[in-house]
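**Student:** Dropping the structure in here first, questions after.
Throughout, read-outs are computed from the coordinates displayed, never taken from laboratory work. What you see is a predicted model, and the numbers here were worked out from it, not measured in a lab. Cβ coordinates were reconstructed from backbone atoms using ideal geometry, including for glycine residues, and neighbour counts include every protein chain displayed.
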Amino acid sequence: MPLRSRGRSPASHFKTMHIINRNTVAPFDTKDTSLIREIIHPRNSPAARQSLAEATLAPGAMTQAHFHPRAEEIYFVLQGAARMRLDEEQGIWDGALAAGDALVIPPGRRHQIRNEGEDDLIFLCCCSPAYEHEDTVLCDALFSGKAEPPKTE
């Protein structure tokens, strides 16, 4: 008989159940200069083939253009307004993203995101296979200007 619940089921019912609260994960600067909280990753959870991170960019900030030779990536914007550039076979796609928007980034495609708003841009990044610095290749900018590491206070 399936387990039915009107709320959160006790973790004892699931051998692989593992809940990680984003507030318990320390942020770090990633290779593309964004501030990341690695919420789910094989290093800290039962996940075997994917990762989920929260990225933050300050107003006016942008990541360094990069691509992932192996990983497919999904961006999901939680807060803010962004401009995204993505290298496609037909040329560079340039589009606006806002809260609630999702975008798939195929492996090997150069991409760069810039915060266009007055508040922090916060978005989720899901990678499969899981994110690794070694699978991030920095490349020439898709926007003019320079990506700066986040300022920590």
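**Student:** Can you check how the C-alpha radius of gyration of the stretch 32-138 compares to 2.2 N^0.38 Å, as a plain ratio?
**Tutor:** Working: Rg = 13.1 Å, N = 107, 2.2 N^0.38 = 13.0 Å.
Against the empirical 2.2 N^0.38 Å value, I get 1.01 for the stretch 32-138.
**Student:** If you don't mind, another one. Report, by chain and number, residues whose modeled amide H sits under 5 Å from the one on Ser45, excluding near sequence neighbours (fewer than 5 apart, same chain).
**Tutor:** none
**Student:** Same structure, new question: Which whole-number percent gives the relative contact order of the stretch 32-138, counting Cα pairs below 8 Å spaced six or more residues apart?
**Tutor:** Numbers: 290 pairs, mean separation 41.1, N = 107.
Relative contact order here is 38 percent.
**Student:** Related question: Using unit Cβ charges (K, R positive; D, E negative) and no other charged atoms, how large, in debye to the nearest 20, is the dipole of the stretch 62-145 about its Cα centre?
**Tutor:** Values: 6 positive and 15 negative charges, 19 e Å.
Once rounded to the nearest 20, the dipole reads 100 debye.
**Student:** Further question: Taking amide H positions as placed in the peptide plane 1.01 Å from N, state which residues far from Glu72 in sequence (5 or more) or on other chains have amide H under 5 Å from it.
**Tutor:** Ser128
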